[in-house]
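Right, one structure below, let's go through it.
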Amino acid sequence: MCVQTPPHCSHNCLGWPKEIYGKILKELRFLKDGSIVYTKSGDIKGEGSAQSIKNAKRIIKSAENKVLVIDEAYLLNDTGNGKYS
């Protein structure tokens, strides 16, 4: 849950460094593992929607019980033509 505008969002979550955010969630027992899985929007987008869905499912599964950080996630929204929203 990042609240800053790009490109700063990948470095901070709710104003804290993402590593601290993961530790807090682990301590609160929201997550079993508070480590960080870092990916880019380009790792999710595929040749078509079927490939993108497959990539997204794989990445989400790898981030189970961890903090998932998607750099430039706003690029996943094709309706905005890649513009910040």
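Taking only the range 43-54 into account, find how many residues are without any contact (Cβ under 8 Å) to a residue 24 or more places away in the chain and within 13 Å of the chain's Cα centre (by Cα). So the answer is 1. Of the residues making up the range 41-85, those that are charged (D, E, K, R) and at pLDDT 90 or above are Asp43, Lys45, Lys54, Lys57, Arg58, Lys61, Glu64. Residues that are among the small types (Gly, Ala, Ser), closer than 16 Å to Leu68 by Cα, at pLDDT 85 or above and not in a helix (DSSP H, G or I) are absent from the range 16-34 altogether.
The values are calculated or read from the model by the stated rules, or taken from the named source; none is laboratory data. Just so it is clear, the model here is predicted, and its values are computed rather than measured. Virtual Cβ from ideal backbone geometry, glycine too; neighbours counted across all protein chains shown.
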